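The values are calculated or read from the model by the stated rules, or taken from the named source; none is laboratory data. For clarity, every value in this text was computed on a predicted model and none was experimentally measured. Neighbour counts run over all protein chains shown; Cβ positions are idealised from the backbone, glycine included. To get the accessible areas, we keep the full protein, side chains included, count just its heavy atoms, and leave off ligands, DNA and RNA. Shrake-Rupley method; radii C 1.70, N 1.55, O 1.52, S 1.80 Å.
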Amino acid sequence: MAKTIIRFDHATFGFSDVIALQDISLDITEGEFVGVIGPNGSGKTTLCRAVLGLMQPMGGSLQIFDCACEELRCHHRARIGYLPQKGALDRNFPITVLETVMMGRYGALGLFNRPSKRDRDIALEALSHVGMEDRLDSALGHLSGGQQQRVFIARALAQQPDVLLLDEPTTGIDITTQHSVLDLIRHLHRDLKLTILLITHDINMIRSSVDRLVLLKTRLYAAGPPEEVLRPDVLRQVYGKDLVITEKDLILVEDYHHHH
Amino acid sequence: MFEMLAYDFMQRSLLAAATVGAVCSVIGVFVVLRGLAFIGAGTAHAAFAGVALAYLVGLPPLPLAIVFGLATVWVTGVMEEQGRMKLDVSIGILYTATMALAILFIGLMKGYNAEVYGYLFGSVLSVTPDELRVILVLSMVVLGVLLTFSKELYFIAFDQEMAEASGVPARRIFYLLLTLVALTVVVSLKTVGAILVFAMILIPASTAYQLTHSLSHMTAYAVVIGVACAVGGVLLSYGWDLPSGPAIVLLATTIFFLSVLLSPKRRRRVQTA
Ligand SMILES: Nc1ncnc2c1ncn2[C@@H]1O[C@H](COP(=O)(O)OP(=O)(O)OP(=O)(O)O)[C@@H](O)[C@H]1O
Ligand SMILES: [Mg+2]
């Protein structure tokens, strides 16, 4: 029986005026690959930030590595790699690709240690995983959005994490890179036994790779193998539209009529 | 030209200027990158209010300047974290309030006190051996701490939430940075003055910002520019009998505008446009 490393127990998270996640109970076991889906504003990013201990539970509890999330320490966080949802980046910020990825090492290094050659090698390897090894000294601000995304994935990998939280990793990158990013994630899961929490709107892309899908809309509507979650009666509660699910695709009924 | 270096006071002022130039430009890199520019200005005025109070009640100026400076940066830090109000508004209020306090304290003094105005406008040529010692010690402390925590400071300047998420004690580092800003301002008060210290923090760093795409290069450039302007300013000030603070700052400003004209970042933008 695999060990539970993230446990939501009737946990509620929110901001001063909104509840973003309500009464969530969910166990994620070591080495699991979990996909998180749900419409905009359904609390997916909040789920990530909660796991990182960046939010206090308003009710219930959340344990990560047997530690309450509000007491998560730096050395715990260093074991969680995080790719934030794409936000605005100051294109003029003077930082190179390699400097960005090296930041992934800082948490694990601790306060008084300088990065060594070994840390540099880890960063270089992470960059080669995402195919950016020939852009080490490029200014981050001069890369395209998708290339920046790859650099940030490399930074998360450079942490050599046990758990990887990926908030829409394939949004805004080209189709070839999307597939290579997904291949990379599958490899990290299968060969390096990382626990992966992947948020996406692209259900078709991940449905064959994940062990479990979690369907959110403030509350947890479903959590289980993809074939159990991707059923019209389940999805309708959350997306409010009828969805047709074929062998490979998942199509909104409206669009379906439109195109056929 | 070089005979002036034989004077003790000249050696002292050059050493004080170079030290202040170095410490201001290094802290300036983090201030500029973390978007704390306004905090520097607010702190300078608060520290000056501390100095004015000290002269009013007859206490040593430095400790009170430190207390006032620290109180201001910490209050500002809390305001930023809570994010209730736009930071420029809250700092604007603090900044004018501390300036009002300073004017009040000066108004309460009997007669004209030239020393107080020395802190407002800067008078590096009159730095005493004791003051120089304090400047050197405090600067070494600030630079040492900056060097020790440089990787964390760079990370929070780039993305504080990401730093926190990946296991850097980002909040504590942020308050450390604010504390160092306050100490730097106090160290520089006598040399460049409360009005101009802000420029010494901002200009070398933003000049370096124009010139490079790398964090480590930016810091190196900023130090070279900061020290060169401070020393050059003192020499100009002595040679042409100018007030030292404005000489340093105007020299730095000139170099800043040159860097904007010559910036590789700017050129690239023009090419791609
Ligand atoms: N910083 C914040 N302050 C206040 N409310 C917030 C904040 N961040 C998110 N929320 C609210 O929390 C809820 C969940 O937001 P969250 O970002 O987790 O959604 P999401 O599922 O990631 O959406 P998306 O698919 O658009 O990324 C939303 O109602 C949002 O308005
Ligand atoms: Mg989101």
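Data table
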| quantity | calculated |
| --- | --- |
| Phi to ³J(HN,Hα) by Karplus 6.51 cos²θ - 1.76 cosθ + 1.60 over region A:196-210, Hz, x for Gly, Pro | 10, 10, 10, 9, 7, 9, 8, 4, 4, 5, 9, 4, 8, 9, 7 |
| Residue range of chain A that is longest and free of trypsin sites (Lys or Arg not before Pro) which are both DSSP loop and sparsely packed (at most 16 other C-beta within 10 Å) | A:92-192 |
| Under the span-like rule (Cα at least 15 Å along the axis, Kyte-Doolittle mean at least -1.0), DSSP H helices of chain B | B:8-34, B:37-57, B:61-82, B:87-108, B:129-148, B:150-165, B:170-192, B:197-211, B:215-240, B:244-262 |
| Built amide H within the under 5 Å cut-off of residue A:67, gap 5+ | none |
| Kyte-Doolittle at least 0.0, axis length at least 24 Å by Cα - qualifying DSSP helices, chain A | none |
| Net charge of Cβ neighbours under 12 Å - reference residue A:22; Lys, Arg +1; Asp, Glu -1 | +1 |
| Ratio Rg/Rh [Cα only; Rh per Kirkwood] for chain A | 0.97 |
| Rg and Dmax [Cα atoms of region B:2-264; Å; Rg one decimal, Dmax integer] | 17.9, 57 |
| Computed FRET value (nearest 0.05) for residue B:96 with residue B:250, which takes r as the C-beta separation and R₀ as 30 Å | 0.75 |
| Cβ-based net charge around residue A:53, under 14 Å, with every Lys or Arg adding one and every Asp or Glu removing one | +1 |
| Whole-Å semi-axes of the ellipsoid equivalent to region B:1-124 (Cα gyration tensor, √5λ, descending) | 29, 22, 10 |
| Label-to-label distance, nm, for residues given as residue A:175 and residue B:134 (7 Å Cα→Cβ offset) | 7.0 |
| Cα-projected label distance for residue B:260 with residue A:10, points at 7 Å along beta-carbon direction, nm | 6.1 |
| Amide H partners (placed H, <5 Å) of residue A:164, local residues excluded | A:81, A:195, A:196, A:197 |
| Dimensionless Rg ratio for region A:53-123, taking C-alpha atoms and the 2.2 N^0.38 Å reference | 1.38 |
| Under 5 Å, built H, 5+ apart or other chain: amide partners of residue A:221 | A:215, A:216 |
| Calculated FRET efficiency for the pair residue A:116/residue A:211, C-beta based, R₀ 41 Å, to 0.05 | 0.70 |
| Ratio Rg/Rh [Cα only; Rh per Kirkwood] for the protein assembly as shown | 1.07 |
| Probe 1.4 Å - accessible area at residue A:179, Å² to nearest ten | 90 |
